[in-house]
Amino acid sequence: MAKTASTLAPSSKPRETGPKAVAKRTFGYALLIFFALIFIMPFVLSAVTAFKSLPDIQENPVSLIADPEHGGWTTEGIEGLNTSQVRLPRWTLNSVIVTVFVVLLRITFGSLAGYALARMRFPGRGFIFALILAVQAIPAIVLAIPRFMVMRQLGIINTYVGMIVPLAFDAFGIFLMKQFFEQLPRELEEAAAIDGASTWQTFTKVMLPLAAPGLIALTILSTQGTWNEFLHILIARIGEPELATLPVGLAGITAAFGEAQPWNTIVAGALITIIPIAIVFFVFQRYFVQGVAASAAKG
Amino acid sequence: MRRNKLVVLVLAFALIAAACDGGGGATTTTAGVTTTAAPATTTTAAETTTTAAATLEGVELKLWGWSSSDAENTALSDLVAAFNEATGAKAEFQPQSDYDTTLNTALAGGDPPDVFYVDSFRLADLAEAGQLAPVPEGVIDDPDDIYPSLREAFTYNGTWYCPPKDFSTLALVYDPAALDAAGVAVPTSWDELTAAAEALTTDTQAGLAMGVEYPRWAVFLFQAGANLTNADVTEITLDSPEATAALQYVADRYADDTFVRPSDVDAGWAGEAYGQGKAAMTIEGNWIVGYLKDSFPDRQFAVAELPAGPDGKGTFAFTVCYGVPANAANPDASWALVNYLTNAEGALAWTNAFNVMPARVSVADDWLSSHPELEAFVTGADYAHRWGFKPGFGDVTGVFNEQANAIVDGDATVTDLIGETVAAGEDVI
Amino acid sequence: MATQVGTKPRRLQLRRHRGPQRARLDWREPYLGWLFTAPALIGLVIFLVIPIIAAVWVSFRDWNGLSPIFESEPVGLANYRELLLEEGVRQRDFAISLRNNLYYVIGVVPVQSILAFVIAVILNQKFLKGKGFFRTAYYFPSITSSIAVTLIFVFLFQTNGAINQALPFQDIDWLDNARGLIHNFLGVFGVEDGPAFLTENEFMGLELWDWLAGPSVAMTAIMMLVIWTTTGTLMLIFLAGLQNIPVSVEEAAIVDGANGVQRFFRITIPLMRPTIFFVVTLGLIGTWQVFDQIYAGTAGGPRKTTFTPAYLIYFQSFTNSKAGLAGAIAVILFAIIMFFTWINRKIIRDTGDV
């Protein structure tokens, strides 16, 4: 049982020097970069395509530089979005309102229910967990009309409430938080209990901070899921075009092209939807620092 | 422990019950509709109806349809705005991105729009479901002016449901220069078509590009006097010698590469194949004209009637009408809007700017005067067959399309196609 | 406390101490448990459970999807019989959709899970530079809505599109090729049509030979599209799960002399079990309901090789006026998904207390 002469920081290998190790590292990075490029290449290509002219796209789909022969860089793709139906500012506002509220509600309900299912003993727990799984196993499309009828009974069609509330109740979030709470060692709760904390205190002061990575993941995924949500918004604001969110509004524009496929416009529309989420993700992913769990355990 | 579960369930039901009491309102509002006997004092034809007209002041109307292009959206919105000015109503055109989804939900959910597009293909479904209101007496100006074949397309079980907004037919679109160069005249019979397609097929260009699906192949059935079903869709009639001959004719053309499937030449559809110069001819509808002008402005084309088969000429009419839901909030207002959009003036105003054809005989010449080169599309109306069946028939045309593609791939024969389609049809009927 | 690498001694030992402390909180837990889950539960019941019950109810009726649900006629098990037992076009279409989706699930779930896990582990290494960049890059595809990214892929996979241009050998007609991969593979060995006993026997209206066709080239393109998009999301979840492992556990293992590989297989993976179960279950649930990509991309073609049950539901419900049949498909699909989830649970042996 030789002790390795390494720091106690986890997941770190001893920093060997020497040509073999350097070569291995370089190769590792090269592989990572290669795959990273594969993952972002379609987007880079799309971003470029949004600024090419249509004949250029036909001729040189792969090239990253606009062909001067066909007009070089042009904004005609973006301009194609400027149809009589476009309402970008309004749609963006709607998207923001809906996403913010849904995410807040999902985090709240998800962590509460997730913790209860992970740690508390109460009758019917197994049944509820089965229910959580079961409701995800039905394709949303088959629920479209029944859900519309329920919302109509509640009088929330064509309202913000109707767009937000049904999305806030989401089995996925509960499932995710449950699994993350389950991964935390029980000894932490034991410690809190020994110190005289109530369940609520244990939950808010000990478990929730520990589950921070899970909460962050849930925030990111919920933001992305809600921002891109299509079917529910389509139905919830069925008679009211002004309430559309960005994806739904843009779908109306791209659907209007019929047989002709102006790729530069279509791609421009897709890209507009991506940018806000990319920003959110980049901001939040910085919080994935393992130190959060470490300091809590020592405390 | 059981108690807790029960408590929650009771709470849930109580919540829902409470909500049900308070909710359930429709979202369309109708300002008070007052009936007056005096007609409105504007000059548009729609207003000079002699029946007692309800004033439409402030009535909100929603018109649902799908978009084919932004230009069409604008044009229709303009037309609706003119209606609003003439009557004081507040009608709005709301194009839908996923029409089937939203319309079905609105209808089944009890919250329908006031007027909506009905494709002839969907007429049977809507009529059977009792969701369409039949045309009341007298609200539509001059109904006999509408082409009989189109009126028939929107008649189900003897009831007429809606006036068409426009129509398109299939015709032969060809490259005059290519035909001249190959020394062939425009084909007017199947034999001439075979010869022409062969003469026009070169290494870089096929004779004719045509989509491999029922809405295209069926024209050959019609020209041979055959059909998939009988007139009232109660029997599958595809297993006849005429049908077999017609389908074999088409299959043979694909087999010797004089006809080509668009995807086989890297095109999304036949129009694109033609536009890119990969085929010298194509069988398509009016919409190809706008498409070519936009995407392939340099591509020349001319239009001729489809060649006649052993039993004469045949083509499809693709048409959409303005339907009024059975439980419309304000049927009088809805029909007033429908009439405005489909009477002679409305029909011409709408179709003049585009390449779809007005559904009324009286304005056909007017339209032709501004679209002289598209005459072949118009004459098609005389012998066009409707595109529509019964509810649930999508399964049958799906099988037909699947088998047709298999034939072109070389994996099936015409006998297979007929056999499978007839079997599927018998299942459905 | 002496620890051994490879077991979970701390947990086991502590369980013995649990008696008195657990008892103190026990009397409040049933009520608290329900209280914590109540808000989520009420919402789920109203907006999910009730519509699901409606969908199940509709599956026993002949509803056309256009008139109000209550006007439909009850038909008992007729829809189910049509899908499963009666020879006909509906049974065959359903069989085709099941076959397509099965290959899709088998292809996508393992690949996306393993790929996401490997990437997450790599990106969790402390010494790695540029973590932020890499994480964003790998997550990027997941950010877009599936419909938008499908449009982008259709553009890229066109026959004269970017993918083919990048491939050195012959162009593949990605989205129009209906031949199954397995058939293509066998074709290399000269096996063109199946042996008689496979072509002559049918199951649910589909020749056994066709059941073994494998995914078509078009379906494979969609599989690549989906793997490319979901790997990022799963990587994110795995990352969070890895972050969840307390440092103290790893430190103890290092102190006891475990090297990297040992730590990975004896500590990381067992502790990640709940997350792994989560990711695979998510994958199963998601892949069996694949719809958006088909709807926006191929519409079931070419020749029905990208038909999936979820797409069939849409088609029957909204285009073909057979919403009752669609409900039955949904119920059968539900049963299939729950079955796969159950198997997954047995295999991964999720040690959660549920």
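Tabulated values for the structure
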{"read-out": "Chain B: relative contact order in percent, alpha carbon pairs under 8 Å with at least 6 residues between", "value": "22"}
{"read-out": "Whole-percent carbon and sulfur share, accessible surface of the protein assembly as shown, 1.4 Å", "value": "61"}
{"read-out": "For the range B:325-336, 3J(HN,Hα) per residue [Karplus equation, 6.51 cos²θ - 1.76 cosθ + 1.60, θ = phi - 60°, Hz, x = Gly/Pro]", "value": "x, 4, 10, 5, 5, 9, x, 4, 5, 4, 5, 4"}
{"read-out": "Length-normalised contact order for chain C - Cα pairs under 8 Å, 6+ apart - percent", "value": "28"}
{"read-out": "Over the protein assembly as shown: Rg over Rh, Cα atoms, Kirkwood Rh", "value": "0.99"}
{"read-out": "Residue-normalised accessible area of the range A:17-79, given per residue in Å² at a 1.4 Å probe", "value": "59"}
{"read-out": "J(HN,Hα) series, the range C:204-218, from Karplus relation 6.51 cos²θ - 1.76 cosθ + 1.60, nearest Hz, glycine and proline x", "value": "6, x, 10, 4, 4, 4, 6, 4, 8, 6, x, x, 6, 4, 4"}
{"read-out": "Longest segment of chain C lacking trypsin sites (Lys or Arg not before Pro) that sit in a DSSP loop with at most 10 other Cβ atoms within 10 Å", "value": "C:130-348"}
{"read-out": "Where B:W160, A:W200 fall by accessible area, highest first, once all protein chains stay in place (1.4 Å)", "value": "A:W200, B:W160"}
{"read-out": "Amide proton proximity set for B:W160, modelled H, under 5 Å, gap of 5+", "value": "B:V135"}
{"read-out": "Descending semi-axes in whole angstrom, ellipsoid equivalent of chain A, from the Cα gyration tensor", "value": "41, 34, 14"}
{"read-out": "Computed accessible area, A:F127, all protein chains, 1.4 angstrom probe, square angstrom", "value": "120"}
{"read-out": "Under-5 Å amide H pairs with B:F316, H placed in peptide plane, nonlocal only", "value": "B:L170, B:H385"}
{"read-out": "Filtered chymotrypsin sites (Phe, Trp or Tyr not before Pro), the range C:188-243: DSSP coil and at most 10 other beta carbons within 10 Å", "value": "C:F189"}
{"read-out": "Normalised contact order of chain A, rounded percent, pairs of Cα under 8 Å and 6 or more residues apart", "value": "27"}
{"read-out": "Amide proton proximity set for B:W66, modelled H, under 5 Å, gap of 5+", "value": "B:Q96"}
{"read-out": "Candidates B:N352, B:N84, B:N230, ranked by Gaussian network fluctuation over chain B, Cα under 10 Å, top entry", "value": "B:N230"}
{"read-out": "Size-normalised alpha-carbon gyration radius of the range A:17-79, reference 2.2 N^0.38 Å", "value": "1.69"}
{"read-out": "For the range B:346-369 and the range C:91-108, distance of Cα centres in Å", "value": "48"}
{"read-out": "Lysine pair count for chain B [Cα-Cα under 29 Å; pairs on different chains or 8 or more apart]", "value": "11"}
{"read-out": "Cβ-defined net charge surrounding B:A178, 15 Å radius [Lys, Arg +1; Asp, Glu -1]", "value": "-3"}
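The values are calculated or read from the model by the stated rules, or taken from the named source; none is laboratory data. Quick caveat: nothing in here was measured; it's all calculated off a predicted structure. So basically every Cβ, Gly included, is an ideal-geometry build from the backbone, and we count neighbours across all protein chains shown. Ligands, DNA and RNA are excluded from the accessible area calculation, which covers all protein heavy atoms including side chains. Shrake-Rupley method; radii C 1.70, N 1.55, O 1.52, S 1.80 Å.
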